[in-house]
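A short write-up of the structure that comes next.
Every number here is computed from the coordinates shown, using simple stated rules; none is lab data. None of these values were measured; they are calculated from a predicted model. Cβ coordinates were reconstructed from backbone atoms using ideal geometry, including for glycine residues, and neighbour counts include every protein chain displayed.
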Amino acid sequence: MDKIETLKDWIKHAHHIAFFGGAGVSTESGIPDFRSAEGIYNQPTGQHLSAEMIISAPFFNQDPKTFFDFYFDNLVLPNVSPNTTHKYLRHLEQEGKRVSVITQNIDSLHEQAGSQEVYHLHGSVGDNYCLTCGKHYTLDELEKDADGIPRCPEDQGIVRPAITLYGEQLPEADVTGAIMSLRSADLLIVAGTSLQVYPAAGFIDEFHGDKVAVINQTAIPMHRPNQLVFQSKLGDVMKELVE
């Protein structure tokens, strides 16, 4: 049995699948990654500042205008839609499997595809809240002032995205949910991530099952006794899975 057939068999007999996804899941929808040569971190900001600096908590507090200019230009992409991977995970749910999606991405494409159990380790651009009153807003509800800064209609407080900026803690509820789901899953699929971003990447150590599939263009050093490794684009593997 070749690797793709083995993975199909693992998925068929799994009761609870934990899917740990990174930027490679979203790039198939046209969303740029962060760290590649063409990624967001390597694009000019126009401010002689690094992208990492701009999307840090101290910079946001100091210069919200520059933060939001960069944020809306680079991190909010309203005209993207779920791809084969997002839809396939939803399909598995519809077949009766529990699928826990643990994502490092800040888009909401898994929810758009219909996934019911999604843990956003770095938050989501789809959720925004007022720093003054705490009221939450969707992207479509945001109202910007003359400087392009979203403001709360109730009290004119700054409305920030519920994403994890550099220097901030990961969202506690999502982290707890992700860890608990990893501990109870019987199949782990790691996809579209090189597992270089910590602490999120370290969470896969919470998986205690015996079947792990890794799908990524670059090699990932994982040492599991029952492991499938696909050094390929996620989209290519998914095409074979859905056939």
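Remarks
- Built amide H within the under 5 Å cut-off of L228, gap 5+: V212, A213, V214
- Amide H partners (placed H, <5 Å) of S100, local residues excluded: I17, A18, F19
- Per-peptide packing, taken as the mean over residues of other Cβ atoms within 10 Å, places 194-200, 19-25, 75-81 in the sequence 19-25, 194-200, 75-81 from highest down.
- Test item: Cα-centred dipole of segment 161-243, Lys/Arg +1 and Asp/Glu -1 on Cβ, debye: 200 debye
- Under a model in which nothing but the beta-carbon of Lys, Arg (+1) and Asp, Glu (-1) is charged, the chain shows a dipole of about 560 debye around its Cα centre.
- When the chain is described by a simple charge dipole with +1 on each Lys and Arg Cβ and -1 on each Asp and Glu Cβ, the residue from S81, L49, I179 located farthest towards its positive end is I179.
- Inter-centroid distance (Cα atoms) of segment 75-99 relative to segment 117-160, Å: 24 Å
- Helical runs assigned H by DSSP (4 residues or longer) give the chain a calculated mean residue ellipticity at 222 nm of -8500 deg cm²/dmol, each run adding -39500 (n - 2.57) before division by the residue total.
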